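The values are calculated or read from the model by the stated rules, or taken from the named source; none is laboratory data. In this text, all values refer to a predicted model and were calculated from it rather than measured experimentally. Cβ: placed from backbone, ideal geometry, glycine included. Neighbour counts: every protein chain shown. What goes into the accessible areas is simple: the full protein's heavy atoms, side chains included, and nothing from ligands, DNA or RNA. Shrake-Rupley method; radii C 1.70, N 1.55, O 1.52, S 1.80 Å.
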Amino acid sequence: MPSLKDLRNRIASVKATQKITKAMQMVAAAKLRRAQEAAEAARPYSERMGAVLANITQAIGGGGDAPALMTGTGKDDVHLLVVCTAERGLCGGFNSQIARFARDHIRKLLADGKQVKIICVGKKGFDILRRDYGALIIERVDLREVKTLGFVNADAIAKKVIHLFNEGGFDICTLFYSQFKSVISQIPTAQQIIPAGAPSAAAEVKDGGSAVYEYEPEPGEILSDLIPRNISVQVFRALLENAAGEMGAKMSAMDNATRNAGDMINKLSITYNRQRQAQITKELIEIISGAEAL
C-alpha cells in the first residue's frame, strides 16, 4: 500500500495534469470557432466550382478537347492516395480514423492487384501508415511550421500531384480527409480528384439547370486552367475540414481527460483520507495502550 507521502505526490501530479488538459481544452475551443468558420466558408466555393465544371463538361460533351486531368489515362493500374491527417496528437481517435479508412482502401487495392503510392500530409498519418506500408509512401508533406493554413499550402500539394500525374506516375488519385460535422462527429472521407470526372447532375441543377452558356475562350482551354485550380481547391477544403475536425476532437478529448483527472483526484483523496484516519487511529490506540500500561 502506498504511503501518505506517495498519495500526496500522486494527487499533486494529477492536479497538474488536470490544469494542462483544461488549458488545452480552452485553447482548442478558441481555435475551433475560427477553423469551423473557415471550413464552412470553403464548402460553397468548392461546390460552386464543381457545378461550373459540370456545366463546361456538358458543353464539351466528352469530346477530345477535354484535358487528361479529366479524362484520365484510360487505366486504373496505379493509384495515388493523398492521406491528410493532423501534425499533432492528443485529439482522440481523429488521426487513427483517417489512417484506418485509408488502410482499408489500400488493402482492397492491393488485393485487386493494383499498385499503390501514398503521399502523407501530416505527421500522425505518416507515423501510422509507415508501420505497415512504409515502402509505399513516396513523400511526406510537413505543415508543422504553418500556423494558419492558406491556399498556397494546398496549391503546393496539388502541384506536386499534378506534376506526378504528368510524368505518368499514377492513373487515379484519391484524397483522404475527415469531414467536419460537429465537435463529436468527424466523418472519414475519400474523394477522387484525378481524373476529375464530371460532378453529379444535382450540382448542375443547383448551378442553373438547363441554362445555356457561351464560353470564351474554348471550353477545353478553360478546363485546362480550371481543373488544376479545382484540385487545389479540393485539397484546401480537405485541409480546412481536417483543421476544424482536429480542434473539435481535441476539445472533446481534453474535456474527457479533465473529467477523468477529476475522478482520479477524488478517488485518491478518499484513499488518502482513509489511510490517514487509520494511521491516526492506530497512533491513538498506541498512546492509550501505553498510558494504561503505566
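Miscellaneous remarks
- Test: residue in the range 11-30 that is part of a helix (DSSP H, G or I) and in contact with a strand residue (DSSP E or B) (Cβ under 8 Å, 6 or more places away or on another chain): no
- Residue satisfying condition, being touching a Phe, Trp or Tyr at 6+ places or on another chain (Cβ under 9 Å), of a type in the set (Ser, Thr, Tyr) and at negative phi, within set Ser46, Ser13, Ser3: Ser46
- The condition of being over 18 Å from Ala42 (Cα atoms) and crowded, with 17+ Cβ neighbours inside 10 Å holds for Ile137.
- All of (1) over 21 Å from Leu175 (Cβ atoms); (2) open to solvent by less than 60 Å² (accessible area, probe 1.4 Å); (3) of a type outside the set (A, V, I, L, M, F, W, C) hold for Lys114 with one exception: (1).
- Given (1) part of a helix (DSSP H, G or I); (2) in contact with a Gly (Cβ under 8 Å, 6 or more places away or on another chain), index of the condition Phe101 fails: (2)
- Restricting attention to the range 214-252 and to residues that are more than 30 Å from Gly92 (Cα to Cα) and among the hydroxyl-bearing types (Ser, Thr, Tyr), the residue that is modelled with the lowest pLDDT turns out to be Tyr215.
- Filtering the range 106-124 for residues that are assigned to a loop (DSSP other than H, G, I, E, B) and touching a His at 6+ places or on another chain (Cβ under 8 Å) leaves a non-empty set.
- Of the residues making up the range 219-238, just one is open to solvent by 10 Å² or more (accessible area, probe 1.4 Å) and under 12 Å from the mean Cα position of the chain (by Cα), namely Arg237.
- Residue-level analysis places Asp127 among those that are surrounded by fewer than 17 Cβ atoms within 10 Å (Cβ to Cβ) and either closer than 26 Å to Asp255 by Cβ or touching a Ser or Thr at 6+ places or on another chain (Cβ under 7 Å) (or both).
- Considering (1) open to solvent by 10 Å² or more (accessible area, probe 1.4 Å); (2) in contact with an Asp or Glu (Cβ under 9 Å, 6 or more places away or on another chain), the lone condition that Cys84 does not fulfil carries the number (1).
- Residue pairs meeting the criteria (Cβ under 7 Å; at least 6 apart or on separate chains; first within 15 Å of Ala244 (Cβ to Cβ), in the range 80-97; second surrounded by fewer than 17 Cβ atoms within 10 Å (Cβ to Cβ) and not aliphatic (A, V, I, L, M)): Glu87/Arg144; Asn95/Gly89
- Flag if Ile265 is at pLDDT 85 or above, open to solvent by 30 Å² or more (accessible area, probe 1.4 Å) and either farther than 30 Å from Ile187 by Cα or among the polar types (S, T, N, Q) (or both): no
- Selection of the range 31-62 for residues being open to solvent by less than 30 Å² (accessible area, probe 1.4 Å) and either in a loop (DSSP other than H, G, I, E, B) or modelled with pLDDT of 80 or more (or both) yields Leu32, Ala35, Ala39, Ala42, Ser46, Met49.
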